[in-house]
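The values are calculated or read from the model by the stated rules, or taken from the named source; none is laboratory data. Please read all numbers here as calculations on a predicted model, not as lab measurements. When we count neighbours, we look across all protein chains shown, and the Cβ atoms used for this are built from the backbone with ideal geometry, even at glycine.
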Amino acid sequence: MNAHPFQKQLKRICNTLLWGSGCILMFGILTPLLYQGCKTETNVPKPLSSYELNLIQHSLPQDGSETSARTRYGFELFYDTPTHLGPENKNGWEPYSGNHLACSNCHLHGGTKAYAASLIGVVQRFPQYRGREDKMGTIEERINGCFERSMNGRMLDPTSEEMKAFVAYLNWLGRDSDGQHAKKGFVSIEIPERAVDLKHGKEVFEKQCALCHGADGQGKRGTDSYYQYPPLWGPDSYNNGAGMTRVLTAARFIKGNMPYGATYDNPILTDAEAYDVAGFINQQERPVKANLQADFPNKLKKPVSSPYPPYSDNFSISQHQLGPFQPIMTYYWQTHGIKKTK
C-alpha cells in the first residue's frame, strides 16, 4: 500500500480554516452577547472542521524524511478515513472501514481535545493491558480494535503503510508527552441512582442533538465522503461492540463535548441529561459485531454497562444496558472486591 498525495487534503483543510478563522475572530468580538445563546435549545451547528484549528496551528513535519511523509499520510487517513479505507475507497481494496466515519469524528481536534478520547501520549502508554482481550496489547492492536468496532470493519495489516502512518501520526501528537496526559479519556459524571429515562433521553436528543445529527440520528454529510456530523445509530454508525455503546462511556463523552461548543470546563448538559440521552441513543438499532461472547475472557473484568452478555452476575441485560448501575457495582465490590466505575 502506498501513501497518497497529501496536498489536496491539506488545501481543503486550509481553505476551510481561512473561513473558520474569520468566524472565530467575529465570535470573540460577540462572545458577551452570544454566550447565553449557546446554552439554548437552538445550538447552531458549525462545520466539524472548526475542530481542526487546535491541531493545524502546529506544523505537520515537512522535512522530507520517511517519518515526515508517514506522519502527514497518517493525518490524512485520520481526517478522511472513508476515502482511503472505507466502502468507497479508490484503491480497489476490500474496505477496512465498514462505514463512512472518520477517526476525527470521535477523537476531536485531531485527537488533541481534552476529555474527548485525546490521543496525546497514547503511544507512550503501550504496551497496555486490555481487559477486553485479557492480555497486554500493542498500539496497533488498539487501532485495529477501533476498525473492527467503531468503524464496523476489519483489521489492518499491522505492517502495512497505513498502520505505520497511523502510528507515526500518533507519535507526532505525543512528541512532547510522557504519556501521562492529565486530560485523557473522558470527564467523570455523577451517575444517577436510577435507570435511564428513555423518554427524557429522547427529549434531550430532539432539543440538543437533532439539529446537527438529524432527527433520525443518521448524521449529515459534508461535500466530500466524510460526515460533517456523524450518524449516532443505523447501518453507517459504530457497531454494538464499540466502547461507545456503553451508556456510562457515552454519557461521559457527551457531557464533556456535546452539543457543539461544550467543553469539560463549560458543559451544556447536566449529568442526568447526558446519561439519559446516551441511553436513548444506544437503544437504537446499529450493526451487530460477530463473536462478542469472546470479549472479556475474564468476565469479572467486564464493565457494568457492557450492553451484551455473557456476564459473571445475575443482573439482566436490560439493567446492564440502562441501569441502575449502582447495585451491579455494589455486587462486584461486596462479592469479588472489585471496584467498578463504568
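Overview of results
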read-out	value
Hits in region 180-209 (condition: assigned to a helix (DSSP H, G or I), within 22 Å of the chain's Cα centre (by Cα) and surrounded by fewer than 15 Cβ atoms within 10 Å (Cβ to Cβ))	Glu206
Subset of region 210-231 [touching a Gly at 6+ places or on another chain (Cβ under 6 Å) and part of a loop (DSSP other than H, G, I, E, B)]	Gln218, Pro230, Pro231
Check on Ile268, in contact (Cβ under 8 Å) with a residue 40 or more places away in the chain, crowded, with 20+ Cβ neighbours inside 10 Å and either in contact with a His (Cβ under 8 Å, 6 or more places away or on another chain) or over 22 Å from Lys113 (Cα atoms) (or both)	no
Test result for Ser177, within 18 Å of the chain's Cα centre (by Cα), among the hydroxyl-bearing types (Ser, Thr, Tyr) and either more than 30 Å from Gln326 (Cβ to Cβ) or surrounded by fewer than 17 Cβ atoms within 10 Å (Cβ to Cβ) (or both)	no
Selection from region 86-113 of residues that are part of a loop (DSSP other than H, G, I, E, B) and touching a helix residue (DSSP H, G or I) at 6+ places or on another chain (Cβ under 6 Å)	Tyr96, Ser97, His100, Ala102, Thr112
Boolean, Ala116 is outside any helix (DSSP H, G or I) and not aromatic (Phe, Trp, Tyr)	yes
Among (1) exposed (fewer than 14 other Cβ atoms within 10 Å of the Cβ); (2) under 27 Å from Tyr115 (Cα atoms); (3) without any contact (Cβ under 8 Å) to a residue 40 or more places away in the chain - the single one Gln326 does not satisfy	(3)
Enumeration of residues in region 174-215 that are of a type in the set (A, V, I, L, M, F, W, C) and closer than 21 Å to Val304 by Cβ	Phe186, Val187, Ile189, Ile191, Ala195, Val196, Leu198
Every pair of residues 6+ apart whose Cβ atoms lie under 6 Å, when the first sits in region 206-227 and is in the same structural domain as Gly261 (by TED's automatic domain parsing) and closer than 15 Å to Asn99 by Cβ while the second is assigned to a loop (DSSP other than H, G, I, E, B) and aromatic (Phe, Trp, Tyr)	Gly217/Trp233
Matching entry among Val304, Val277 (being β-branched (Val, Ile, Thr) and touching a residue at least 60 places away in the same chain (Cβ under 8 Å))	Val277
Count of region 146-195 residues which are closer than 25 Å to Tyr264 by Cα, small (Gly, Ala, Ser) and in contact (Cβ under 8 Å) with a residue 24 or more places away in the chain	7
Residue match in region 264-281 (condition: modelled with pLDDT of 95 or more, in contact with a Ser or Thr (Cβ under 8 Å, 6 or more places away or on another chain) and not hydrophobic (A, V, I, L, M, F, W, C))	no
Residue count for region 168-178, restricted to those that are touching a helix residue (DSSP H, G or I) at 6+ places or on another chain (Cβ under 6 Å) and not small (Gly, Ala, Ser)	5
Helices (runs of 4 or more DSSP H) (entirely within region 259-342) containing at least 3 residues that are out of contact with any helix residue (DSSP H, G or I) (no Cβ under 8 Å at 6 or more places or on another chain)	326-336
